[in-house]
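Encoded as structure tokens, the structure appears first; notes follow it.
The values are calculated or read from the model by the stated rules, or taken from the named source; none is laboratory data. Since this is a predicted model, take the numbers as computed values, not measurements. Cβ sites come from the backbone with ideal geometry, for glycine too, and all protein chains shown count toward neighbours.
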Amino acid sequence: METYQREFIEFAIARKVLRFGEFELKSGRTSPYFFNTGLFQRGSDLARLGQAYAQALTRSDLECDMVFGPAYKGIPLATATASALATHHRLDLPWAFNRKEDKAHGEGGDIVGAPLEGRVLIVDDVITAGTAVRESIERIQAAGATPAGVLVALDRQEKGQAERSAIQEVEAEFDIPVVSIISLDQILEYLRELPDMSDYAEEVARYRDTYGVA
Ligand code: OMP
């Protein structure tokens, strides 16, 4: 695990974005941990979050021409990422987000920001079944642009419909990479290093054995 990833886990725990306990997921599974980016609630949190996304992207091979945030949760994430890329990595990319509601008056259209063109990076929080990502891919293709990949904060490394993870399914179906700041394996590695977190480590390991990908 890299230093920025360990620091990101500590930061997420401090902000209660990453919590341990009992949580029901969209999929119906009961998980011993949950990751809620909506709890990064201050300007400084957003700046740090954007920098972690930017670090994950620049350490990967993923190449893109612009950044796209799917409404609603992806909007601040894509905004913070585009800002961090420009401020810390000299990568000044166009960025955009979609409206959920159609707007007939004023400037109209359902995209706000730069037009969808070239290789478009989708920035989101967590992929579970990949529903939101599929919608974004369709939107990008309908505009005549190309999906470049997906950047998420957490890879839960869970099985999707079959044996592969939802992320592996998206990668195979659309032939695009999915890059994450942290994954379940790193959360587990972190928990195992701390004696007072050993109960959580056991719960998370049991969950991974049941729902995790090989
Ligand atoms: P999909 O759109 O089906 O991929 O589900 C992703 C969503 O699951 C996220 O946008 C959240 O609403 C939710 N989620 C989390 O935010 N964090 C988690 O740790 C787990 C989930 C989840 O319900 O699976």
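Numbers below:
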| quantity | calculated |
| --- | --- |
| Residues of region 114-167 satisfying the condition of being among the basic types (Lys, Arg) and either farther than 15 Å from PHE68 by Cβ or touching a Lys or Arg at 6+ places or on another chain (Cβ under 8 Å) (or both) | ARG156, LYS159, ARG164 |
| Selection count where residues are within 13 Å of the ligand (Cβ to nearest atom) and on the phi < 0 side of the Ramachandran plot, scope region 1-28 | 11 |
| Pick from region 130-165, criterion within 15 Å of LEU116 (Cβ to Cβ) and among the acidic types (Asp, Glu), ranking: surrounded by the most Cβ atoms within 10 Å (Cβ to Cβ) | GLU135 |
| Sole residue being assigned to a loop (DSSP other than H, G, I, E, B) and either without any contact (Cβ under 8 Å) to a residue 40 or more places away in the chain or charged (D, E, K, R) (or both), chosen from ALA214, ALA162 | ALA162 |
| For PRO195: the one exception among (1) out of contact with any helix residue (DSSP H, G or I) (no Cβ under 7 Å at 6 or more places or on another chain); (2) within 14 Å of the ligand (Cβ to nearest atom) | (2) |
| Of residues in region 102-138 being assigned to a strand (DSSP E or B) and within 16 Å of the ligand (Cβ to nearest atom), the one modelled with the lowest pLDDT | ILE127 |
| Scan of region 174-213 for residues that are among the aliphatic types (A, V, I, L, M) and under 28 Å from LEU121 (Cβ atoms), ordered by number | ILE176, VAL178, VAL179, ILE181, ILE182, LEU184, ILE187, LEU188, VAL213 |
| Residue in region 29-39 that is surrounded by 15 or more Cβ atoms within 10 Å (Cβ to Cβ) and either of a type in the set (Asp, Glu) or more than 16 Å from the ligand (Cβ to nearest atom) (or both) present | no |
| Given (1) within 14 Å of the ligand (Cβ to nearest atom); (2) in contact (Cβ under 8 Å) with a residue 40 or more places away in the chain, index of the condition ALA148 fails | (1) |
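Yes/no matrix, rows are residues, columns are (1) free of Cβ contacts under 8 Å to residues at least 60 places away in the same chain; (2) of a type in the set (Gly, Ala, Ser); (3) not in a loop (DSSP other than H, G, I, E, B):
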position	(1), (2), (3)
ASP45	yes, no, yes
CYS64	no, no, no
LEU85	yes, no, yes
HIS88	yes, no, yes
LEU91	yes, no, no
ALA96	yes, yes, yes
